[in-house]
Each structure stands twice: as structure tokens, then as C-alpha cells.
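The values are calculated or read from the model by the stated rules, or taken from the named source; none is laboratory data. Because the structure is predicted, anything quoted here is derived from the model rather than measured. With ideal geometry, Cβ positions are generated from the backbone for all residues, glycine too; neighbour counts draw on all protein chains shown. Ligands, DNA and RNA are stripped out before the accessible areas are found, and what is left, the full protein with its side chains, is counted by its heavy atoms. Shrake-Rupley method; radii C 1.70, N 1.55, O 1.52, S 1.80 Å.
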Amino acid sequence: MAGIIVGCCLIKIFNTPLAIDGFDSYSDHIRQNSHRSSVHNDESGSELDVLSHDHPYDNSSVADQLKKDVRVLCWVMTNPTNHKKKARHVKRTWGKRCNILLFMSSAEDDELPTVKLDVEEGRPNLWRKVKEAFKYVYKHHYNDADWFYKADDDTYAVIENLRYMLYPYNPKTPVHFGFKFKPYVKQGYMSGGSGYVLSREALRRFVVEGIPNPKMCLPGTVVNEDIEIGKCMENLNVTAGDSRDYNGRGRMFPFIPEHHLLPSNDKTFWYWSYMFYKTDDGLDCCSDNAIAFHYVAPQQMYVMDYLIYHLKPYGIVREPIRLPDKLSVGEFMPPPKEEPADTNEDSIDDEDRRNTTHIDTNTNTTARADNDNNNAAEVV
């Protein structure tokens with residue numbers, strides 16, 4: 001009996017996961033809690049007002065004024081499957097800072113609410129969905145905003161920084177901004193995942209002169225909506241703007257922050273040859289006024305909201321940068337300084353800024369799309 005009792009105790013001890021020694025059991029615990037959190041966030045009807053506390057000593061007067069001066073309409077591409085899994089979390093985080101927020105889907109949802117488009121869901125219908133969404137925006141909101149920002153339901157955007165970038169430009173200037181890729185379109189095209197923003201004149205040309213004319217914009221529908229709108233913009237003489245800051249650092253990105261701050265060393269990855277502008281690795285990749293990232297999970301949106309709008313290092317007070325002068329219609333900001341970054345934040349030799357990248361522009365876009373589990377429009 002004594003032996004049986006001792007044996008049972010030993011079995012109990014050896015079968016108990018120890019957090020201090022068993023990293024796998026700890027990881028399982030994290031995954032289980034993450035799953036429960038995901039289920040709660042995706043399916044619960046609660047508003048998750050965990051980040052609604054006030055900051056009475058913050059001075060948001062500049063941001064408040066910019067919201068009046070640079071009116072941004074945001075429309076988010078989503079689908080019925082993602083209404084609760086993704087889109088509602090956009091609404092609860094960064095989306096609420098847009099002047100107007102719309103969700104484009106093929107089904108009605110009063111919680112968001114959605115604009116129901118007569119378009120079938122799925123990868124092959126992305127280009128048609130974009131055209132129908134912009135047609136709706138033009139018909140119902142053309143005079144309600146100055147700029148029109150398209151984003152995915154896994155995009156995270158800092159709208160205050162978007163307004164700051166757009167501030168000097170006249171919305172009557174035919175221009176659009178985003179993360180610029182260089183193949184397939186001479187002036188470059190904007191990544192669909194990190195989103196692209198059209199001026200009011202660019203929107204007018206797209207809907208009035210582009211979509212109805214098959215010589216300007218591709219009729220029908222295809223997977224690579226970002227490439228097609230890039231071609232259409234070029235045909236309509238809408239300039240592909242430079243979204244980098246004055247230091248030449250990017251502000252709109254096709255991946256999550258850590259994939260840009262801690263990039264892969266695999267330079268054969270398609271991203272490095274698709275970039276329109278050469279960039280540094282590490283912290284020098286990204287502007288202090290970054291605007292958008294892609295592939296951001298719903299839970300991460302709340303984390304980013306906290307880190308950006310609530311966490312503050314005590315004793316460091318940042319004065320707002322002086323706003324640039326307003327530009328005339330058709331006028332553009334000067335290009336960034338093409339100089340190596342004089343900082344130890346760079347993770348590789350600054351000589352990389354002087355290098356050029358060559359790419360075969362005849363590369364098959366479908367092959368790139370097939371290498372990703374998501375559609376090519378979301379990847380780029």
C-alpha cells in the first residue's frame with residue numbers, strides 16, 4: 001500500500017507542468033488565453049471600453065484643428081466573415097479618428113454599419129469591389145471630405161499623422177499616396193494592404209473619367225486591385241505621391257511594425273525588389289510620424305492604441321512640429337534629403353541608401369500572389 005501511494009504521488013509530480021522549467025507548458029497557457037481572448041473579442045457583444053480613460057493634461061489643440069482643416073474619409077474593405085472578427089475592432093480603435101468611417105461589404109451589418117455593395121466576395125472580385133466602393137463614396141460623400149483613404153480590415157492607421165502628411169497639399173491636386181511599389185506601373189503603385197489615399201480631384205477623375213472608360217481603367221475585375229488602380233491613376237495623370245518624411249523614412253508600410261523594424265536578412269524576398277524607394281533597416285526604416293501598418297491582428301490593434309495614445313514616458317514633452325506651408329494646386333513638397341542617416345539606430349551600413357535595386361518588371365504577379373496565404377491585394 002505504501003508503495004502504491006508513493007508511486008501515485010511521483011506520477012502526479014512528474015506529470016505536473018512546471019512554468020519555471022517547462023517553457024512549452026507556459027506557451028500552451030499563453031496560446032489558450034490568447035484563444036479565449038480572441039473568441040471574446042471577436043464574438044462578444046461588449047464594447048471593450050478598456051482604453052476609454054481620459055488624459056486631462058493632454059493638449060490636442062493642433063490635432064483638433066487638423067481634423068477640421070484636413071477632412072479624411074476612411075473606408076474599410078471587409079466581408080461578412082470579418083465583420084465581428086476584424087472590422088468592429090477597427091471601428092473601436094483607429095477608425096474612430098477619421099472624419100467619416102465607412103465599411104464596405106456585401107452584407108448589411110447595423111453594428112458597424114456597413115455599406116452593402118452589389119459585389120460577390122472573394123479574391124477575384126477585389127478590383128470590382130474597390131471601384132464600387134469609390135463610386136459610392138463619390139456619390140454620397142464627395143463634398144464631405146478632402147481626402148479619401150482606403151484600408152483593409154487588418155490595417156492599423158494613425159490618422160493624425162495622415163493628416164499631418166496631407167496638410168500642405170491642396171485636395172484639388174490630382175495625387176494619391178501610399179507605400180509605393182515600382183513594378184508594373186511606371187510611376188509606381190500603392191500597396192493595397194497599408195492603404196492608399198486619394199485627393200478629391202483624384203477621386204473625381206477615377207470615378208468620372210476612369211471607371212467608365214476601358215482605356216483608362218480595366219473593366220471587369222481581377223485579384224490585384226492595387227496594381228490596377230495604380231495603372232488607372234497613371235492613365236488619368238494622377239501623380240503617385242511620395243509618402244516619406246523629410247528624412248526619407250517611410251510612413252506607410254505593408255507589414256506589421258516588427259517586420260520592418262526587425263527585417264529578415266533574406267534579400268531574395270520579393271519585398272526588397274518591389275520597393276520604389278531604398279530604405280534603411282532597423283529604426284531608420286520608419287518615420288517618427290508613421291501612418292499605417294498591415295496584417296495587424298485585432299488584439300494588436302488595442303495594444304497599438306495603448307502604446308500610441310496612452311503610454312507616455314514621464315519627463316519627455318514633445319512639442320508639435322511646425323506645420324509646413326500650404327501648397328498651390330499642382331504643387332508638391334520637395335523630395336526628402338537623399339543622405340545616409342547619421343545615427344546609430346541603423347542596423348546595417350548606411351551605404352545601402354546609395355545602392356539601387358533592379359527588377360524584372362515582367363515578373364508574373366500571380367506567382368507572387370500564390371506564394372502568400374492572403375490575396376495579392378492584401379499583400380501589397
Amide hydrogen neighbours beyond the local backbone of Phe103, cut-off 5 Å, H modeled: Val76, Val115
Probe 1.4 Å, accessible area per residue of the range 128-167, Å²: 29
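Between His259 and His55, how high is the FRET efficiency from 1/(1 + (r/R0)^6) when r is the Cβ-Cβ distance and R₀ = 30 Å? Nearest 0.05.
On the way: r = 30 Å, r/R0 = 1.00.
After rounding, the FRET efficiency stands at 0.50.
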Within the range 57-78: backbone nitrogen closer than 17 Å to the Lys116 label point (7 Å, Cα to C-beta): 78
Förster-model FRET efficiency, 41 Å R0, His310 and Glu209, C-beta, rounded to 0.05: 0.40
Surface accessible to a 1.4 Å probe, Cys285 within the full protein complex, Å²: 10
Nearest-10 value in Å² for the accessible area of Trp94, using the 1.4 Å probe: 0
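Could you work out how much longer the chain between Glu108 and Arg123 gets when fully extended? Use 0.36 nm per residue separation minus the Cα distance between them, nm to one decimal.
Gain on extension, Glu108 to Arg123, equals 3.4 nm.
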Probe 1.4 Å, all protein chains present, accessible-area order of Arg251, Arg205, largest first: Arg205, Arg251
Accessible area of Val208 in the full protein assembly, 1.4 Å probe (Å², nearest 10): 70
Interatomic Cα distance distribution for the range 224-324, bins of 5 angstrom, percent: 2, 9, 15, 20, 19, 17, 10, 5, 2, 1, 0
The range 87-214, accessible surface, carbon-and-sulfur percent (1.4 angstrom probe): 45
